[in-house]
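Okay, so here's the structure we're looking at.
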Amino acid sequence: MKTIGHVRRLVRSAGLGVLRYMPKTRLAVRHTYWKHEAKKYDAQAAKIAVDPKRVFFESFGGRSFSCSPRALFLAMCDDERFAGYEFVWSFKGQERTDEARENPSLARATVVQRGSAEYFEALASSGTLILNTRLPEYVTPKADQVFVQCWHGTPLKRLGYDVQIETANALNTTSELAERFGMDARKWTYLLSPSPYTSEHLASAFGLPEDRRAQTVLELGYPRNDDIARAAADDTGETVRAMREKLGVPEGKKALLYAPTWRDDSYQAGVGYTFDYLIDFDELRRELGDEWVVLFRPHYYIANAFDFSAYEGFVIDVSDAPDINELYIAADALVTDYSSVMFDYAILHRPILLFVPDYERYAGDIRGFYFDMAEVPGPQCVTTEELVAQVKGLDDTYWQQYGEAFDRYAATFCPLDDGHAAQRVLERVFVG
């Protein structure tokens, strides 16, 4: 027998499938829902006092214990100045919530399930809200709450108000997505940034008014990158060895991290975003299998079920690894397409290669970029054969060909990623 919850999900999926093709109706339904939920939340929140020593954390909409919220939480746990603080973490779904409650790293936190009564009580009562994605549209922080928007990467792809191509992104047009970015920006107390480049483009993408930027944008580095910077500075190699052993990288093999992003127009109702631009793993194994293994990490939006059983011993599926920093640290080189992982990985000063078979379409018809992709210090490959040739030549030609460009790239996009960003942010937000 199907449960009531299962039936509701089916009805919701069918409804969303219909609304996808009725943008005006969809917008009216969405605004009506937000208005109703906001009225309900505001009435509940008004009855709840704000505790300035309570901090609410959420990462990727409750999907993981990760990114800058995690880095700031762990830094606070290690800092005696926050011994009297209470921490709350939000997770999506019962399974993730149960797993989080068993995580020893979260021992000091109260774990709540996203969307539950406890979740909304925590949002309304916490003096500081620390997230790396948008707050629900119907939740507005109170005047005595601080909202720290960490975001989750340096923008390569155009975002929000900066997207110049009007397309349908699942259940959002470009204009609808921009509106939702603007709604979030109006709630911010602070926006974290690792560079002048990121400060400029995130402020623009979210429609942050010019007169608010100086007081809102904290250009202090990304706390989430502190672990990467510390690993890069570890001359002993112990951090790298530990990560490789943890991930199962065989002794004597090099690790190639393959981390593609999602495509706005590749969406299937009831499934999610799908990905159809995989590298030819047969070719990779045939040409590189004696020397390399592949760590496969798709964007968390991608809903495909990938079966790598035929590549056992060569492809290590790290799709569910909670901390992508561990993958960066373990990898000898990165292959990506249009993902912001190309900026974080540069902190390690290791080779970056691009596999972009749909470059012209992506740049011209889907999203567009903030800068010329030719500035990325690495080859742009459109076939697996080209990629294989570049990987084989890494030791001989990469730094000779891209070394100077790499230095400029790192100086532009990672100037503040020195391993101490979390402490700078805590000083600014909590100490003043």
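Read-outs: derived from the displayed coordinates by stated rules, not from any lab. Remember, predicted model here, so these are calculated numbers, not experimental data. Positions of Cβ are generated from backbone atoms using ideal geometry, with glycine treated the same way; all protein chains shown enter the neighbour counts.
Greater than 22 Å separation of Cα atoms is the criterion. Which listed pairs, Lys47/Lys187; Lys53/Lys92; Lys35/Lys187, meet it? Don't skip to the end; give the middle numbers.
Working: Lys47/Lys187 20 Å; Lys53/Lys92 24 Å; Lys35/Lys187 16 Å.
Checking Cα-Cα distances, Lys53/Lys92 exceed 22 Å.
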Table column - 3J(HN,Hα) (Hz), segment 120-129, Karplus curve with 6.51, -1.76, 1.60, x for Gly and Pro: 5, 5, 5, 4, 6, 9, 7, x, 10, 10
Percentage relative contact order, the chain, counting C-alpha pairs under 8 Å, at least six apart: 16 percent
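May I ask you to derive the relative contact order of segment 226-413, considering only C-alpha pairs under 8 Å and at least 6 residues apart, and to give it as an integer percent? Numbers along the way, then the final one.
Details: 259 pairs, mean separation 45.0, N = 188.
Relative contact order of segment 226-413: 24 percent.
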About the Cα centre, charge dipole magnitude for the chain (Lys/Arg +1, Asp/Glu -1 at Cβ), debye: 2460 debye
Amide hydrogen neighbours beyond the local backbone of Thr110, cut-off 5 Å, H modeled: Phe87, Val88, Trp89
Dipole-positive endmost among Asn103, Phe87, Tyr359 within the chain (Cβ charges, Cα centre): Phe87
Per-residue HN-Hα couplings for segment 375-388 [Karplus 6.51, -1.76, 1.60; θ = phi - 60°; Hz; x = Gly/Pro]: 6, 5, x, x, x, 9, 9, 10, 10, 5, 4, 4, 4, 4
Residues whose placed amide H lies under 5 Å from that of Trp292, excluding near-sequence neighbours: Lys254
Size of electric dipole in segment 298-432: Cβ of Lys, Arg +1 and of Asp, Glu -1, about Cα centre, debye, nearest 20: 400 debye
Helix 399-413 vs. the chain, principal-axis angle (Cα, 0 to 90°, nearest 10): 10 degrees
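According to the square roots a ≥ b ≥ c of the eigenvalues of the Cα gyration tensor, what is the shape class of segment 350-432, taking rounded for a/c under 1.5, prolate for a/b larger than b/c otherwise, and oblate for the remainder? Present the calculation step by step, with values, prior to reporting the outcome.
Values: a/c = 2.98, a/b = 1.66, b/c = 1.80.
It is oblate, given that a/c is not under 1.5 and a/b is not larger than b/c.
How many percent of DSSP beta bridges within the chain run antiparallel, rounded to 5? Intermediate values should be presented prior to the final figure.
Values: 5 of 46 bridges.
Here the antiparallel bridges make up roughly 10 percent for the chain.
Assign one of three labels to segment 226-413, namely rounded, prolate or oblate, based on the Cα gyration tensor with a ≥ b ≥ c the square roots of its eigenvalues; rounded applies when a/c is under 1.5, prolate when it is not and a/b is larger than b/c, and oblate otherwise.
Rounded, since a/c falls under 1.5.
Rounded if a/c is under 1.5, else prolate if a/b beats b/c, else oblate: with a ≥ b ≥ c from the C-alpha gyration tensor eigenvalues square-rooted, which is segment 79-152?
Values: a/c = 1.66, a/b = 1.13, b/c = 1.47.
Note, shape of segment 79-152 comes out oblate.
Based on the alpha-carbon gyration tensor of the chain, what equivalent-ellipsoid semi-axes (square roots of 5 times the eigenvalues) come out, in whole Å, largest first?
On the way: eigenvalues 242, 140, 101 Å².
After diagonalising the Cα gyration tensor, the semi-axes are 35, 26, 22 Å.
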Set of lysines with alpha-carbon distance to Lys392 below 18 Å, sequence-local pairs under 8 removed: Lys253, Lys254
